[in-house]
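Engineer: Have a look at this one.
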Amino acid sequence: MQSQISNFQAEHFFSISSEEELVQCFRVRDQKKLVLPDNLRYPFNVQSYFTWKESSGVYTYLVCKMPNWDMPRGVAFKRTPPSGEPTGGLCNWCNAYGSSEDIGLLTVTMNANVSNSYFICQDLRCIEKIEESAARGGKSPEKHIHELYHRMAKLFENISSYRQD
């Protein structure tokens, strides 16, 4: 069973060789919002996907690569601050439960007038949460990780197939 999981995860392994290559993963629209981590050393390898928050916490970035993609793709999510009393929520990607500080609305801008919102983990640690939950239950995380990758691929499909007016 372990070798199957390793092979499954190996499909999503990729490398980023330079800052320029990392920036090129993002759409021009998102490159304008990009704040790279200070302590990043190139080249670096990514086993599943790479994510970080910029220092103010307004933007969270995601870089991933699906097996059928030529190169990794990135997106900048804008955090929607919670309003009112803290509440609980369920991530639409990994089904983790958490407070409104953990699970919230992250938005992807399509153009000046259109954006898509996703109710997901604010830190995008979905794969870690799936693995932790599976380990606690003594089950394989493979099915849930596959579903996570499918949801991420749909996000990028929606972005790339979006046509402006």
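Engineer: Does the stretch 29-44 contain at least one residue that is basic (Lys, Arg), under 20 Å from residue 129 (Cα atoms) and either surrounded by 14 or more Cβ atoms within 10 Å (Cβ to Cβ) or without any contact (Cβ under 8 Å) to a residue 12 or more places away in the chain (or both)?
Structural biologist: Taking every residue of the stretch 29-44 in turn, none turns out to be basic (Lys, Arg), under 20 Å from residue 129 (Cα atoms) and either surrounded by 14 or more Cβ atoms within 10 Å (Cβ to Cβ) or without any contact (Cβ under 8 Å) to a residue 12 or more places away in the chain (or both).
Engineer: Of these, 63, 46, which one is of a type in the set (Val, Ile, Thr), over 20 Å from residue 107 (Cα atoms) and modelled with pLDDT of 90 or more? I'd like the intermediate steps shown before the answer.
Structural biologist: Details: 63 fails: over 20 Å from residue 107 (Cα atoms).
Matching residue, one of 63, 46: 46.
Engineer: Something else: Report, by residue number, each residue of the stretch 15-43 that is of a type in the set (D, E, K, R) and either touching a Cys at 6+ places or on another chain (Cβ under 8 Å) or more than 26 Å from residue 111 (Cα to Cα) (or both). Break it down stepwise before answering.
Structural biologist: Kept after step one, since they are of a type in the set (D, E, K, R), are these residues of the stretch 15-43: 19-21, 27, 29-30, 32-33, 38, 41.
38, 41 - these are the residues of the stretch 15-43 that are of a type in the set (D, E, K, R) and either touching a Cys at 6+ places or on another chain (Cβ under 8 Å) or more than 26 Å from residue 111 (Cα to Cα) (or both).
Engineer: Then there is this: Cβ contacts < 6 Å: first residue over 24 Å from residue 86 (Cβ atoms), restricted to the stretch 103-131; second residue among the small types (Gly, Ala, Ser) and surrounded by 16 or more Cβ atoms within 10 Å (Cβ to Cβ), any location; separation 6+ or different chain. Result?
Structural biologist: 127/48
Engineer: Continuing with the same structure: So how many residues does the stretch 97-140 have that are under 15 Å from the mean Cα position of the chain (by Cα), closer than 19 Å to residue 153 by Cα, hydrophobic (A, V, I, L, M, F, W, C) and surrounded by 15 or more Cβ atoms within 10 Å (Cβ to Cβ)?
Structural biologist: 9
Engineer: Restrict the check to the stretch 148-165 and report whether at least one residue is closer than 24 Å to residue 38 by Cβ, surrounded by 13 or more Cβ atoms within 10 Å (Cβ to Cβ) and basic (Lys, Arg).
Structural biologist: Of the stretch 148-165, the ones closer than 24 Å to residue 38 by Cβ are none.
The answer is no; no qualifying residue exists.
Conditions tested, residue by residue: (1) in a loop (DSSP other than H, G, I, E, B); (2) touching a helix residue (DSSP H, G or I) at 6+ places or on another chain (Cβ under 8 Å); (3) among the aliphatic types (A, V, I, L, M).
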position	(1), (2), (3)
21	no, no, no
60	no, no, no
82	yes, no, no
92	yes, yes, no
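Engineer: Name, by its number, the condition in (1) surrounded by 13 or more Cβ atoms within 10 Å (Cβ to Cβ); (2) more than 13 Å from the chain's Cα centre (by Cα); (3) not aromatic (Phe, Trp, Tyr) that does not hold for residue 88.
Structural biologist: (1)
Engineer: Now for a separate question. Does any residue of the stretch 142-157 turn out to be touching a strand residue (DSSP E or B) at 6+ places or on another chain (Cβ under 6 Å) and of a type outside the set (Val, Ile, Thr)? Can you show your working first?
Structural biologist: Just the residues of the stretch 142-157 that are touching a strand residue (DSSP E or B) at 6+ places or on another chain (Cβ under 6 Å), to begin with: 152, 156.
Next, from what is left, pick out any that are of a type outside the set (Val, Ile, Thr): 152, 156.
Checked against the condition, which is being touching a strand residue (DSSP E or B) at 6+ places or on another chain (Cβ under 6 Å) and of a type outside the set (Val, Ile, Thr), the stretch 142-157 yields at least one hit.
The values are calculated or read from the model by the stated rules, or taken from the named source; none is laboratory data. Note that the structure is a prediction, hence the values are computed from the model and not measured. In this analysis, Cβ positions are derived from the backbone assuming ideal geometry, glycine residues included, and neighbour counts consider all displayed protein chains.
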